[in-house]
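Here's the structure, in structure tokens; my notes come after.
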């Protein structure tokens, strides 16, 4: 079966300003790329070749690293075939200004169970980055993808993935976004039903004037498939979070079970959260639900914790960590989960 | 120890406490009794520093130090502990994590070294056993799914771990059956010491059968209208609040 066109926009090419999405593109309504990026983007110089490791250095596995969009061989394209184990995929940027675009294809072999630890490690400034990924999961393959986006406040970064699942395949994803001038993480999944499972989760932790956009589209094309989505995040200072989640159930995709939740904390008057959960259901025999909440921290709970001697900032970090913790608990790879939990705790202490 | 003078407190436009004065010397247990709406919870929340409780006049000091200027956590580090009438549920924060965070935050504020994990676990295990609490419960989210009695025991456990100088019990008996009440009261009595003062805030005399106060004060209309020894509590139980409040008026 061929994947239908599920991309939320046309192809982005940093060399061609006419491909830059703007607010007028429905899928980019809250994240105006053209406004954030210059019309002409210089190609970033080659980056320093990185030491192996990164945030997930403690986990044994293979590594593919891009430095300013180039592999160690100087390629901007790479292909990975995963037959099990852990693969680190790192996008490191040390450029001051300039831009790069890279493309990676990841194939997960039939019946294989693999973990992909994908990191965006921004060490430069004011750069424009564009990563395009294609995932192909063969029958019965299982991939857990954990994405950590850690970039400077003045960077513009877009990561767009297409995921095509075969029957009986499982795709599990957790994205941790910390924002940038504009940071967009987009995932489009072709879901064949046929016993395939999708879990797509997200967490965003935003402060200052950072902007993060988590966008997902799941298209259920065949019967008997499940999708479970849980995104939680918080926005403080003058930051802006965008959550766009769309689940489409095509005609004939009966016995689809699809659930989507988005819960957010708005922690400042100047922050903004735009949430757009959508279900498009064209089949009859389905079980679908979505929920969306935006609230504030419970003032009484905060007082209770403070009354035990915990300073306000630490009390807030404790409450917000517990809030997003529900998402992190769903990461199956234990060491990866622990590393992400520690990262989130530290980030929250800095934000509160 | 605790000295409150002419305390006026408003919530929004409404004045709740209207010139309350009260002294609790070191080592003593004082009960504050009063009818509903007298300002009992306002007194406990004001002493603990709940936002929104505006002190419009008067002072509250602990060993001569102004409490009212301090943030809630700073008051706790000075030794103030409020046992909540309705302890909050904090999903996702295991009770044990919460306890350790609180203990070490207070130590840090006082410039003391943090308590290491082994010593902490040993201490908390012993304290939980005293209160007949299942240790596994402490691995769950704080107070989440706890019964009323378990929540109150959790408050006493926190109190035991934090070893406050001034202990404020706000309607600690509410929602407790007689067995839970006895366990909680024993936990409180075990903490009586010459260096510690307690303010027991309650509507009913029942709790004071288990925690015998040195002094009893009647709070009505935002002020202390009568004070006496433990017999005053029994008199209130027999005669109700109306007469004593009317006599004071």
Going by the structure shown, is residue A:268 more than 14 Å from chain B (Cβ to nearest Cβ), within 30 Å of residue A:193 (Cα to Cα), surrounded by fewer than 17 Cβ atoms within 10 Å (Cβ to Cβ) and without any contact (Cβ under 8 Å) to a residue 60 or more places away in the chain? no
Selection from segment B:207-236 of residues within 17 Å of the chain's Cα centre (by Cα) and assigned to a helix (DSSP H, G or I) yields B:207, B:208
For residue A:319, which of the numbered conditions (1) in contact with a strand residue (DSSP E or B) (Cβ under 8 Å, 6 or more places away or on another chain); (2) closer than 30 Å to residue B:67 by Cβ; (3) in a loop (DSSP other than H, G, I, E, B) fails to hold? (3)
Expected output for segment A:98-117 (first residue at positive phi, partner in a strand (DSSP E or B), Cβ below 8 Å, 6+ apart or cross-chain) is A:98/A:43; A:98/A:128
Within segment B:52-65, does at least one residue satisfy the condition of being in contact with a strand residue (DSSP E or B) (Cβ under 7 Å, 6 or more places away or on another chain) and free of Cβ contacts under 8 Å to residues at least 12 places away in the same chain? no
Among (1) surrounded by fewer than 18 Cβ atoms within 10 Å (Cβ to Cβ); (2) modelled with pLDDT of 95 or more - the single one residue B:158 does not satisfy: (1)
Can you give me the ranges of the strands (runs of 3 or more DSSP E) entirely in segment B:4-110 with at least 2 residues that are crowded, with 22+ Cβ neighbours inside 10 Å and more than 10 Å from chain A (Cβ to nearest Cβ)? B:14-24, B:29-33
Got at least one residue in segment B:111-121 being part of a helix (DSSP H, G or I), more than 12 Å from chain A (Cβ to nearest Cβ) and in contact with a helix residue (DSSP H, G or I) (Cβ under 6 Å, 6 or more places away or on another chain)? yes
Test: residue A:121 is part of a loop (DSSP other than H, G, I, E, B) and either over 21 Å from residue A:330 (Cα atoms) or within 17 Å of the chain's Cα centre (by Cα) (or both): no
Considering only residues that are within 14 Å of chain B (Cβ to nearest Cβ), over 30 Å from residue B:83 (Cα atoms) and in contact (Cβ under 8 Å) with a residue 24 or more places away in the chain, which ones fall in segment A:308-352? A:327, A:328, A:330, A:344
I'd like to check something: does segment B:191-198 contain any residue that is assigned to a strand (DSSP E or B), in contact with a strand residue (DSSP E or B) (Cβ under 8 Å, 6 or more places away or on another chain) and surrounded by 16 or more Cβ atoms within 10 Å (Cβ to Cβ)? yes
Out of all the residues in segment A:124-144, which are outside any strand (DSSP E or B), in contact with a strand residue (DSSP E or B) (Cβ under 6 Å, 6 or more places away or on another chain) and farther than 30 Å from residue A:15 by Cβ? A:141
Inspect all residues belonging to segment B:129-147 and state whether any of them is closer than 24 Å to residue B:40 by Cα, in contact (Cβ under 8 Å) with a residue 24 or more places away in the chain, touching a helix residue (DSSP H, G or I) at 6+ places or on another chain (Cβ under 7 Å) and surrounded by fewer than 20 Cβ atoms within 10 Å (Cβ to Cβ). no
With B:220, B:190 as the choices, which residue is within 23 Å of residue B:58 (Cα to Cα) and at pLDDT below 95? B:220
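The values are calculated or read from the model by the stated rules, or taken from the named source; none is laboratory data. Bear in mind the structure is a predicted one, so any value in this text is a computation, not a measurement. Quick reminder, even Gly has a Cβ in these numbers, built from the backbone with ideal geometry, and neighbours come from all protein chains shown.
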